[in-house]
Number of protein chains: 2
Amino acid sequence: MSEASNVVKSDIEIAQNAELEPIGKIASKLGLEDTDWEPYGRYKAKVSVDTLNKLKNKPDGKVILVTSINPTPAGEGKSTVTVGLGQALNKIGKNAVIALREPSLGPTMGLKGGAAGGGYAQVVPMEDINLHFTGDFHAITTAHNALAAFLDNHIQQGNPLAIDPRRIVWKRVLDLNDRALRHVIIGLGGKTNGVPREDGFDITVASEIMAILCLSKDLNDLKTRLSNMLIAYNYEGRPVFVRDLKVEGALTLLLKDAIHPNLVQTLENTPAFVHGGPFANIAHGCNSVLATKLGAKLGDYLVTEAGFGADLGAEKFLDITTRAGHFKPSVVVIVATIRALKMHGGLTKEELKHEDIDALARGMENLSCHIETIKSFGLPYVVAINHFIFDTDREVAYLKDWCAANGHPVALSKVWEQGGEGGTELAALVVDTIAHKENLFKPIYELSDSVEDKIQKVVTKVYGGNGIEFSSKAQKQLKSIQQNGWDKFPVCIAKTQYSLSDDPKLIGRPKDFTIHIRELKVSAGAGFIVVMTGSVLTMPGLPKHPAALNMDVDDRGKAIGLF
Amino acid sequence: MSEASNVVKSDIEIAQNAELEPIGKIASKLGLEDTDWEPYGRYKAKVSVDTLNKLKNKPDGKVILVTSINPTPAGEGKSTVTVGLGQALNKIGKNAVIALREPSLGPTMGLKGGAAGGGYAQVVPMEDINLHFTGDFHAITTAHNALAAFLDNHIQQGNPLAIDPRRIVWKRVLDLNDRALRHVIIGLGGKTNGVPREDGFDITVASEIMAILCLSKDLNDLKTRLSNMLIAYNYEGRPVFVRDLKVEGALTLLLKDAIHPNLVQTLENTPAFVHGGPFANIAHGCNSVLATKLGAKLGDYLVTEAGFGADLGAEKFLDITTRAGHFKPSVVVIVATIRALKMHGGLTKEELKHEDIDALARGMENLSCHIETIKSFGLPYVVAINHFIFDTDREVAYLKDWCAANGHPVALSKVWEQGGEGGTELAALVVDTIAHKENLFKPIYELSDSVEDKIQKVVTKVYGGNGIEFSSKAQKQLKSIQQNGWDKFPVCIAKTQYSLSDDPKLIGRPKDFTIHIRELKVSAGAGFIVVMTGSVLTMPGLPKHPAALNMDVDDRGKAIGLF
């Protein structure tokens, strides 16, 4: 995290010096009984999904969604604010629980070095969370690739379903950044070694199984969704599903532990569920519905986070996730940093060190748009300024004045530097907003809308664009979606996270743009239509100097080089 | 297991009805303190490798190695006898611990449906052990593929080490049976998607990292071995190692939890370490040295198992594993079944139901050879007849008489049917043999022997063959091995498990045969030379009807279809 540039203690140092409570104590504080959870080491647990059933008559806590402006290279610290807000709510005497996505090993070994909050607002044990954790991602990788193996084996063993090897839509996955696996040919080497065909690997977070795990309400729902996954077309052009291969039972078996939400704690011992982690472009980008619902049952406030900016993560949370989970958010926290707003105002990363009110003023448009989005959903909101040490008093004052002038509730967050203590103003504002502001939550579109109308509504009401344009390929796919009755699914738009438009260079608040729809893809198990705009990378590459080069283990077995 | 054909309860039914003790109780019985281990669920734990250091002044228990005749389709039940013998030793009042390999998901989903003993001699929780367990294999898969990604990224980013993409010897792995991935082309799709080259996937148990994890004596040794792995040659023909990429730290970090042995229990609450699982052909085929040493520190008797027959598993245990672990076995148990011996005597699987003393008599030659092998190593031994319900009294009597006439200690094992109670005769014989028979253990060859001499000694003294013949490819590789100073490593001969020769059809005890050496491969990190005879499949395929088709989860989350 760029925040770490001029302070003494690194995230991993802070995390390794934390005084953790045994996970059983965290579970007890939540009112869980010993039979509700299983330990994974001393500081991690899986809480059984059956607990939700047991608590079904208990009223739900308030769900607080944390989102942000469009990300910039300056960093927004959305996870840090999410964790810090949870800590701060506890500080002001509220019973709060946090729900976050699990980090992916690919980016951790590649660029990011970890993702579990930052500074004094982290979930711990951060080394475990950033590495194999409780094995959920490995289970998903295994189930995904087992399905691919069953599919290729079906073809090899005579292909009774007449699967067309040129029309297989199920790829393979690894939880790594590995560009060399994006496009491969498999099945070479002669008769006993499979049928040659084109294939490719995505990163595990892009697996439909990841999305399914995060949208399922129980083990049966998981199995049903798995059985509905579209994997190929046969020679007659008809879709082939997992249920046709009869392997949904085996896949569910491989996921039977992964479905239980993982319980950890923050540096200040606030309970946190860290569970699931789908992409926020080709998937819906938030932690499991089960973790959110369980957290809301166990806490009076549940703080969760959606991926990327509000145009991607929050939109999907509000149009897809809340529908799958049958719950309603109580408030949305929109995170912005002065640095990032200045970048939206046209500055380069190098120019950020100097005060620049004009650039900040120009950048406010990006924040404006996301605020309007949340209003379109009928939800109360709060702007959270994630404070950086370089921010000047005049810049902070400008931002606060701008919010006041426009009637936006705003609070400064210093949780990275101070932990929960630095977020009490924000926490109080959030509690107050939930208590006093009207909540008229409604998704942006109806499921009964046509696919085109759904996309059009998101483009107009969320992105602030005008038209939509389908490629001829997408038009064809649209027809097939209608013919197969998939057009009643919500849409999951995969778009660059850097711009409200589909052009990553258009920062700030672009106007009068058209969204170009390159391709449609149905995730029939997850239950959404992926709308691809521009090119979306589903398997990242490694940089010239991967973060892994700095990683090691010391003589006592402690991790080095995660941050 | 074929043993289950005419009884009421399946392995999984027996396992699911077992009365397990909390793993903390098992740990306490072993004298472990709470800080020595971490729970993984209620019935699994990882015991810290540091415990070995703490106990270094405690005398070691006796190591009992369980091996078998050459496997046949009839099944030998070596794991079952291993688990049952541990249980039986406890029944007769001894403090015994078991050490086993972890099952691989590939064969579990493919043919076998599981591998954790059988009947009333199983390690539990069998569903966990057969599925993701504590994530060790997933960690190995991840470390292995991360290294492959770092390697391809090095080439993509300018290739400063001048790695020749045609001479990369590091493949990728998955813990699945997936024949379509045996031979692939990666790096397609243009400039940003890697450098095109031939590649392939092995099953995770074939990874050199698996072998290394199982031979390492601590975390530092693990890192050193990882850094020494040979991954490619450069354009000048010089070897490139992991240390040249500087990623041994990151790989060690990914394995920092996997190195700790996993503690579980048997159906009768006997402590069992289940840790690691390398192939017994291209690798050394037994559980981790750390698990064996830890078990021997904590118990007075440690029962462990080596893969396949004594020609493969036991030979490698005695020539490779004991050297890496600096320990000495006390006795070898050679498992045979009357059914398998009859198959070595020429019967088909269908003909096994009928009593056939002549076939049995002919088959004894196979057992004879393995007994002689163990004698060549200077070790005391016991023959264990793993009793099947079809065995007739006359057949059992013949086998016992044959052993008596030839001076071989023998005992009947009924542990599959009766648990520990059915193995007390065997247990008593094992204890007695350790106490009273001379142990002159010595590996078959010296490390200072030439590579050819090492192979020749194994072929003559273990396989009972005559000559060895190097392909021209192998001759070239031998030169390179000598030039690089790798010729002082032990040899790890990859040969069919079905025959003492390199021809799987030559059952019984073939004579006057030559072993054909197709290829040599150095595992410079694990520290052995893999000698390939015939073709060895390092990525299994799935059968027409994979075991996975019968797998499922019931409404209460319980596994179905593992056996």
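The values are calculated or read from the model by the stated rules, or taken from the named source; none is laboratory data. Here the structure is a predicted model, which is why all the values come from computation and not from measurement. Note that each Cβ is placed from the backbone with ideal geometry, even for glycine, and that neighbours are counted across all protein chains shown.
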#### Entry: Matching residues in segment A:409-438 - criterion: being surrounded by fewer than 16 Cβ atoms within 10 Å (Cβ to Cβ) and not in a helix (DSSP H, G or I)
A:Lys437, A:Glu438
### Query
If A:Lys414 passes every condition in (1) free of Cβ contacts under 8 Å to residues at least 40 places away in the same chain; (2) out of contact with any Gly (no Cβ under 6 Å at 6 or more places or on another chain) but one, which one does it miss?
(2)
### Whichever residue in segment B:505-516 is in contact (Cβ under 8 Å) with a residue 24 or more places away in the chain and in a loop (DSSP other than H, G, I, E, B) and, among such residues, is farthest from B:Ile338 (Cα to Cα)
B:Thr514
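Let's see how each residue does on (1) closer than 24 Å to B:Lys297 by Cβ; (2) within 23 Å of the chain's Cα centre (by Cα):
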{"position": "B:Gly24", "(1), (2)": "yes, no"}
{"position": "B:Glu33", "(1), (2)": "yes, no"}
{"position": "B:Arg42", "(1), (2)": "no, no"}
{"position": "B:Asn53", "(1), (2)": "yes, no"}
{"position": "B:Asn70", "(1), (2)": "no, yes"}
{"position": "B:Glu76", "(1), (2)": "no, yes"}
{"position": "B:Gln87", "(1), (2)": "yes, yes"}
### Message
Out of the strands (runs of 3 or more DSSP E) lying entirely within segment A:1-99, which hold 3 or more residues that are more than 14 Å from chain B (Cβ to nearest Cβ) and surrounded by 24 or more Cβ atoms within 10 Å (Cβ to Cβ)?
### Response
A:62-68
### Message
With closer than 28 Å to A:Leu111 by Cβ and surrounded by fewer than 20 Cβ atoms within 10 Å (Cβ to Cβ) as the only criterion, which of A:Gly200, A:Gly158 stands out?
### Response
A:Gly200
### Query
Is it fair to say A:Lys297 is away from every other protein chain (no Cβ under 14 Å) and either surrounded by fewer than 24 Cβ atoms within 10 Å (Cβ to Cβ) or under 30 Å from A:Glu198 (Cα atoms) (or both)?
yes
### Task
Just give me the residues in segment B:224-259 being within 27 Å of the chain's Cα centre (by Cα), more than 9 Å from chain A (Cβ to nearest Cβ) and free of Cβ contacts under 8 Å to residues at least 60 places away in the same chain, in sequence order.
B:Thr224
### Query
So which residues in segment B:444-461 are part of a helix (DSSP H, G or I) and touching a residue at least 60 places away in the same chain (Cβ under 8 Å)?
B:Val451, B:Ile455, B:Val458, B:Lys461
### Summary
The residue from A:Thr304, A:Thr252 that alone is polar (S, T, N, Q), closer than 19 Å to A:Gly525 by Cα and modelled with pLDDT of 95 or more is A:Thr252
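Conditions (1) under 30 Å from B:Val49 (Cβ atoms); (2) of a type in the set (Gly, Ala, Ser); (3) under 23 Å from the mean Cα position of the chain (by Cα), marked per residue:
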| site | (1), (2), (3) |
| --- | --- |
| B:His354 | no, no, no |
| B:Ile389 | no, no, no |
| B:Cys403 | no, no, no |
| B:Ser413 | no, yes, yes |
| B:Trp416 | no, no, yes |
| B:Asp432 | no, no, no |
## Note on the structure
When (1) farther than 30 Å from B:Thr80 by Cβ; (2) acidic (Asp, Glu); (3) touching a helix residue (DSSP H, G or I) at 6+ places or on another chain (Cβ under 8 Å) are applied to B:Asp391, the one that fails is (1)
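Of the residues that sit in segment B:534-546 and are buried (at least 19 other Cβ atoms within 10 Å of the Cβ) and among the hydrophobic types (A, V, I, L, M, F, W, C), which one is nearest to A:Leu253 (Cα to Cα)?
B:Leu542
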#### Entry: Criterion (modelled with pLDDT under 95, small (Gly, Ala, Ser) and under 17 Å from B:Asn287 (Cβ atoms)) met by exactly one of B:Ala115, B:Ala96
B:Ala115
### Summary
Considering segment B:111-121, residues that are closer than 16 Å to B:Gly561 by Cβ and crowded, with 24+ Cβ neighbours inside 10 Å, and then whichever is farthest from the other protein chains (Cβ to nearest Cβ), we arrive at B:Gly118
### Task
Could you tell me which residue of segment A:547-560 is nearest to the other protein chains (Cβ to nearest Cβ), considering only residues that are surrounded by fewer than 19 Cβ atoms within 10 Å (Cβ to Cβ) and part of a loop (DSSP other than H, G, I, E, B)?
A:Gly557
#### Entry: Failed item, numbered, when B:Ile282 is tested on (1) modelled with pLDDT of 95 or more; (2) farther than 25 Å from B:Ile98 by Cβ; (3) not polar (S, T, N, Q)
(1)
### Message
Can you pull out every residue in segment A:365-400 that is in a loop (DSSP other than H, G, I, E, B) and within 26 Å of A:Asn439 (Cβ to Cβ)?
### Response
A:Phe377, A:Gly378, A:Leu379, A:Pro380
### Task
Select, from B:Val289, B:Val264, the only residue that is within 13 Å of the chain's Cα centre (by Cα), over 25 Å from A:Asn550 (Cβ atoms) and of a type in the set (Val, Ile, Thr).
B:Val289
### Task
Please enumerate the residues belonging to segment A:9-43 that are of a type in the set (Lys, Arg) and either more than 22 Å from A:Asn95 (Cβ to Cβ) or touching a helix residue (DSSP H, G or I) at 6+ places or on another chain (Cβ under 6 Å) (or both).
A:Lys9, A:Arg42
